[in-house]
Amino acid sequence: MIYPSILDRQYEQYLPFVQEVAKLVKETMLNFCDNKGYALTSRIKTIESLAEKIETGRFEKWSKLDDLFGCTVIIPNLSQEKEVIKFCQDTFQVTQTVKRGQNKKSPDTFKFDSTRIYARLKSVDDSNIDNFLSIFNVIFEIQIKSAFEHAWAVSTHDLVYKGSEIDWKKLRLAAQIKAIVEQLDTMILAFEQISPAIQESEDPETKKSVN
């Protein structure tokens with residue numbers, strides 16, 4: 001991909017600060033996830049990916065970029081989401097939280113809708129945030145996904161978005177799979193309420209294990 005030389009220079013100038021933030025945030029989130037039994041993935045956005053994002057016109061200036069570094073906390077089910085949000089709020093300077101279901105969406109639409117937290121490292125000196133070249137000026141993203149959501153994302157992303165052409169059938173199939181993922185997450189959350197509705201069958205082996 002061809003991108004302006006000024007973007008290349010800014011990226012190389014800013015990258016060391018992003019890398020330092022990535023190191024500190026990743027260490028913090030890994031400790032939290034290890035203690036809770038969660039999984040964590042992370043990445044630093046490449047210049048190619050950054051150039052594509054800037055081309056959309058979504059960002060007016062460099063300082064508005066909010067995911068040059070991002071990580072994803074993968075939780076067993078959505079009941080653990082609140083404690084992840086609270087940990088991030090207590091640990092970082094959160095600038096914005098977009099919770100699942102917050103964005104408007106028709107009931108027959110199934111797409112990416114995970115909770116995203118945008119934050120900075122906490123600083124005792126607020127003037128650090130005004131300094132462009134500062135680790136305290138780097139906004140990073142923390143996504144929170146259930147195990148089912150994560151499986152859907154990593155399984156379908158390259159299948160759907162690999163290549164330059166948009167394939168309606170692939171997008172449709174990915175949405176259908178996402179609908180199944182949402183159903184699975186809902187069933188896990190309401191497991192105790194749903195299980196009594198299951199029609200029981202006689203099974204001698206099950207009765208033996210209970211007794």
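The values are calculated or read from the model by the stated rules, or taken from the named source; none is laboratory data. Keep in mind it's a predicted model, so treat the numbers as computed, not measured. Accessible surface areas use protein heavy atoms only, side chains included; no ligands, DNA or RNA. Shrake-Rupley method; radii C 1.70, N 1.55, O 1.52, S 1.80 Å.
Cross-link pairs exceeding 26 Å between alpha carbons, from the set Lys86/Lys170; Lys26/Lys145; Lys36/Lys145: Lys86/Lys170. Counting heavy atoms of the protein chains alone, Trp152 has an accessible area of about 40 Å² for a 1.4 Å probe.
By a 1.4 Å probe calculation restricted to protein chains, Tyr161 has an accessible surface near 140 Å², given to the nearest 10.
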